[in-house]
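Beneath this line is the structure, given in structure tokens, with notes to follow.
The values are calculated or read from the model by the stated rules, or taken from the named source; none is laboratory data. In this text the structure is predicted, and so the values were computed from the model without any measurement. As a convention, Cβ positions derive from the backbone with ideal geometry for all residues, glycine included, and neighbour counts pool all protein chains shown. Surface areas here come from the heavy atoms of the whole protein model, side chains and all, with no ligands, DNA or RNA. Shrake-Rupley method; radii C 1.70, N 1.55, O 1.52, S 1.80 Å.
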Amino acid sequence: MQTLTIGAFARASRLSPKALRLYDELDLLRPAHVDPDTGYRHYAPAQLEQARLVAWLRRIGMPLARIREVCALEPTRAASEIRAYWSQVEAETAVRRDLAAFLVDHLSNASRKDAPMLELRYCAHSDPGRVRPANQDTAYAGARLLAVADGYGPAGAPASSAAVEALRFLDTGELPAGDVLNLLEEAVRGASEAVRGLGSDENGTTLTALLLTGSRLALVHVGDCRAYLLRDGGLFRITHDHTMVQSLIDEGRLTPEEATAHPQRALLLKALTTGTPDLGLHDARPGDRYLLCSDGLSTVVPDARARTVLTTAQTPEEAVRALVTEANAAGGPDNVSCVVADVVATPA
Ligand code: MN
């Protein structure tokens, strides 16, 4: 068999001899032949294709262990693994991007005084639905704080209410200006400890909350409750479900349509006591209408239907009542909680 020396192979594959020795040790790319006397490595020309693939995967930042897996696959499966890897990178980057934007905004607006003062008109309601024996959801709305939580485990109801209760101090008294990020983190840590204090690890809850400070809404989100914004007639989801099916959708392995019928669609990847919540900051505008809901609504009422209800309802009360009615008309398979809040300018 005709072989190439490590130097010739390195030049042809654009990998350094040092990298090739490393890949040999890591079992990524074994030489076709190692001279038993000299220890010199020799490569077959047919190995160039794999060497180039390794080089490209290194350039996109894929960890070596994952490259080893990709290299062992036939091309179609390798392609879908690379797609899945890249989706994961983008999801992680998106979380960091949001946090960076939050920090930039936090630091550059720390002393902003000219922003319009805004208020909320709000309504919250939680309904057991038509199937479940008990309601483990909690919904809350106040002058500044909106929250929904969906508890699970034997003490699911106390878990969701403890989480929301731990945030309620944010709704009363003065918020220290320019300190929202720390305040929220502290509040969420308190909520997480409150849920842990219930005893068993089997208990937990999701938590999605919005806090109005000046003209901005800070968002905390972990789990599969959702927050939506109705603005200029369009309905935008501003949270990302921390569920198994959502990650399969992100990786292109499942379509949103398939996800609605997936047997494990309720499987959570993160909850309050088991993962770091997403933080975000949104500029609120007069005329905005926000919806926070538990999965008991979003699972059975399609976004397009929710948009129609939110667009038509005159008041937050009317919107909440209509949405809960829609969920129950669709079978009400789960507890359903809704918070609707309208942003209005503070009268001068
Ligand atoms: Mn639920």
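Annotations
- Selection from the stretch 210-226 of residues that are of a type outside the set (A, V, I, L, M) and either surrounded by fewer than 24 Cβ atoms within 10 Å (Cβ to Cβ) or closer than 16 Å to E165 by Cβ (or both): T213, G214, S215, R216, R226
- Flag if V320 is assigned by TED's automatic domain parsing to the domain that holds A227, open to solvent by less than 50 Å² (accessible area, probe 1.4 Å) and assigned to a helix (DSSP H, G or I): yes
- Failed criterion for D241 (all others in (1) away from the ligand (no atom under 16 Å from the Cβ); (2) under 20 Å from P302 (Cα atoms) hold): (1)
- Pair list, Cβ < 8 Å and 6+ apart or interchain, from the stretch 265-287 residues that are free of Cβ contacts under 8 Å to residues at least 24 places away in the same chain to residues that are of a type outside the set (D, E, K, R) and more than 16 Å from the ligand (Cβ to nearest atom): none
- Selection within the stretch 325-344 - under 24 Å from L120 (Cα atoms) and open to solvent by 10 Å² or more (accessible area, probe 1.4 Å): T325, D342, V344
- Looking across the stretch 323-348, the residues that are touching a residue at least 60 places away in the same chain (Cβ under 8 Å), within 15 Å of the ligand (Cβ to nearest atom) and either of a type in the set (S, T, N, Q) or not in a strand (DSSP E or B) (or both) come down to V324, A327, N328, G331, G332, P333, D334, N335, S337.
- Only one entry of D303, D232 meets the criterion of being under 23 Å from A329 (Cα atoms), surrounded by fewer than 17 Cβ atoms within 10 Å (Cβ to Cβ) and more than 16 Å from the ligand (Cβ to nearest atom), and that entry is D303.
- Checked against the criterion of being touching a His at 6+ places or on another chain (Cβ under 8 Å) and either open to solvent by 10 Å² or more (accessible area, probe 1.4 Å) or in the same structural domain as Y290 (by TED's automatic domain parsing) (or both), the candidates L170, L183, L120, L207 yield just one match: L207.
- Residue, nearest to the ligand (Cβ to nearest atom), within the stretch 285-300, restricted to residues that are within 20 Å of R144 (Cα to Cα) and open to solvent by 10 Å² or more (accessible area, probe 1.4 Å): R289
- Filter pass, Q246 being under 22 Å from A94 (Cα atoms) and not acidic (D, E): yes
- Any hit, the stretch 307-322, residues being within 20 Å of L217 (Cβ to Cβ) and within 16 Å of the ligand (Cβ to nearest atom): no
- Restricting the stretch 117-133 to residues that are hydrophobic (A, V, I, L, M, F, W, C) and assigned to a loop (DSSP other than H, G, I, E, B) leaves a set whose member that is nearest to the ligand (Cβ to nearest atom) is V131.
- Within the stretch 254-283, the set of residues being farther than 24 Å from A187 by Cα and outside any helix (DSSP H, G or I) comprises L254, T255, A261, H262, P263, Q264, R265, A266, L267.
- Counted residues, the stretch 66-92 - those being surrounded by 13 or more Cβ atoms within 10 Å (Cβ to Cβ) and farther than 30 Å from D278 by Cβ: 4
- Test for R112: is it away from the ligand (no atom under 16 Å from the Cβ) and either at pLDDT 95 or above or in a helix (DSSP H, G or I) (or both): no
- Condition met for P63 (under 38 Å from the mean Cα position of the chain (by Cα) and either of a type in the set (G, A, S) or exposed (fewer than 14 other Cβ atoms within 10 Å of the Cβ) (or both)): yes
- Elements of type helices (runs of 4 or more DSSP H) in the stretch 12-101, at least 1 residues being touching a Pro at 6+ places or on another chain (Cβ under 7 Å): 17-25
- Selected residue [surrounded by 14 or more Cβ atoms within 10 Å (Cβ to Cβ), in the same structural domain as L310 (by TED's automatic domain parsing) and either at pLDDT below 90 or aliphatic (A, V, I, L, M) (or both)] from V131, V104, V95: V95
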